[in-house]
Amino acid sequence: MRIHALQHVPFENIGSIADWADRKGHPVTTTHLYAGDPLPVLDTFDWLIVMGGPMGVYDEDRYPWIGNEKAFLRAVLKTDKPVLGICLGAQFIADALGAKVYKNAQREIGWFPITFTGAAGESPLFDSSPPKLIAYHWHDDTYDLPAGAVHIARSEACENQAFVHSDRVVALQFHLEVKAENVHALITHCADEIGFGPHMQPADAMLAHLDLIPAMNRTMFDLLDRIEKQTQ
């Protein structure tokens with residue numbers, strides 16, 4: 001299975017997803033949008049992953065490539081290819097499916113629990129998920145659920161943390177893919193976003209809980225296994 005990733009900034013890559021793909025023997029290619037890379041032709045990949053970034057879905061004036069990415073994503077969603085969006089990527093998917101993206105009531109940065117919904121237990125992609133999971137968060141925006149989407153998870157700070165659409169499109173507002181180096185990179189490059197609030201942790205608190213990463217990555221791998229199975 002040929003996996004293609006859309007990467008919006010140098011410091012937010014696919015993290016542990018690369019380890020999973022390497023173990024499975026799936027080649028991974030990447031469009032570095034920030035560097036001006038061209039978007040791929042649709043028949044050159046089987047699975048699309050849309051990564052995060054500090055920009056917003058509607059920031060075309062600052063990032064001219066966003067308009068092309070949106071058009072590309074709408075085209076991919078019309079195919080039967082699986083699509084996984086993470087953080088900003090989830091917001092791009094929501095937008096492409098006709099939902100509104102906007103500022104969340106509170107910024108959410110750090111290690112916080114998500115709660116899976118009852119509908120998650122009925123999804124073949126999430127039916128083995130625990131009731132709660134500590135996940136890594138770094139976001140300012142949120143989205144409405146697109147029409148036809150299945151609400152998968154919420155957190156205290158953000159109602160719409162995840163959804164599934166058409167059984168093959170998965171949007172995760174939180175990060176299950178990060179490795180220790182990804183957490184360090186976010187703290188280094190986005191330190192100005194860390195403030196004070198009930199759902200924001202200082203850098204030292206985030207770094208003190210890197211032991212949470214292995215369990216979180218295992219949850220990511222389980223989801224990837226299930227998406228892979230859906231395509232076979």
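Rule-based calculations on the coordinates, nothing more; no lab input. Since this is a predicted model, take the numbers as computed values, not measurements. Cβ sites come from the backbone with ideal geometry, for glycine too, and all protein chains shown count toward neighbours.
As a summary of the residue check, LYS229 satisfies the conditions (1) surrounded by 17 or more Cβ atoms within 10 Å (Cβ to Cβ); (2) touching a Pro at 6+ places or on another chain (Cβ under 9 Å); (3) assigned to a helix (DSSP H, G or I) except for the one numbered (1). For the range 10-20, residues that are buried (at least 20 other Cβ atoms within 10 Å of the Cβ) and either of a type outside the set (S, T, N, Q) or over 14 Å from the mean Cα position of the chain (by Cα) (or both) total 5. Residues that are closer than 24 Å to LYS229 by Cα and either over 16 Å from the mean Cα position of the chain (by Cα) or not in a strand (DSSP E or B) (or both) do occur in the range 53-73, at least one of them.
Residue by residue, here is whether (1) in contact with a strand residue (DSSP E or B) (Cβ under 9 Å, 6 or more places away or on another chain); (2) among the basic types (Lys, Arg); (3) buried (at least 20 other Cβ atoms within 10 Å of the Cβ) holds:
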site	(1), (2), (3)
ALA94	yes, no, yes
GLU122	yes, no, no
SER129	yes, no, yes
LYS132	yes, yes, no
ALA135	yes, no, yes
THR142	yes, no, yes
VAL150	yes, no, no
GLU159	yes, no, no
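A single entry from ASP167, ASP80, ASP95, ASP141 fulfils the requirement of being touching a residue at least 12 places away in the same chain (Cβ under 8 Å), assigned to a helix (DSSP H, G or I) and charged (D, E, K, R): ASP95.
Residues in the range 25-65 that are without any contact (Cβ under 8 Å) to a residue 24 or more places away in the chain and in contact with an Asp or Glu (Cβ under 7 Å, 6 or more places away or on another chain): there are none.
Screening the range 120-179 for residues that are touching a Phe, Trp or Tyr at 6+ places or on another chain (Cβ under 8 Å) and aromatic (Phe, Trp, Tyr) and picking the one that is farthest from ASP59 (Cα to Cα) gives PHE126.
If only residues of the range 183-216 that are assigned to a loop (DSSP other than H, G, I, E, B) and of a type in the set (A, V, I, L, M, F, W, C) are counted, the one that is farthest from TRP138 (Cα to Cα) is ALA208. Filtering the range 187-215 to residues that are in contact with a strand residue (DSSP E or B) (Cβ under 6 Å, 6 or more places away or on another chain) and either aromatic (Phe, Trp, Tyr) or under 17 Å from SER129 (Cα atoms) (or both) leaves only LEU212.
Taking the range 170-182 as the region of interest, how many residues are within 16 Å of the chain's Cα centre (by Cα), over 15 Å from PHE112 (Cβ atoms) and not in a strand (DSSP E or B)? Final tally of qualifying residues: 3. So, in the range 35-49, how many residues would count as being surrounded by fewer than 21 Cβ atoms within 10 Å (Cβ to Cβ) and touching a helix residue (DSSP H, G or I) at 6+ places or on another chain (Cβ under 8 Å)? Counting residues in the range 35-49 that are surrounded by fewer than 21 Cβ atoms within 10 Å (Cβ to Cβ) and touching a helix residue (DSSP H, G or I) at 6+ places or on another chain (Cβ under 8 Å) gives 3. Only residues that are outside any loop (DSSP other than H, G, I, E, B) and without any contact (Cβ under 8 Å) to a residue 40 or more places away in the chain were counted across the range 123-138, and they come to 1.
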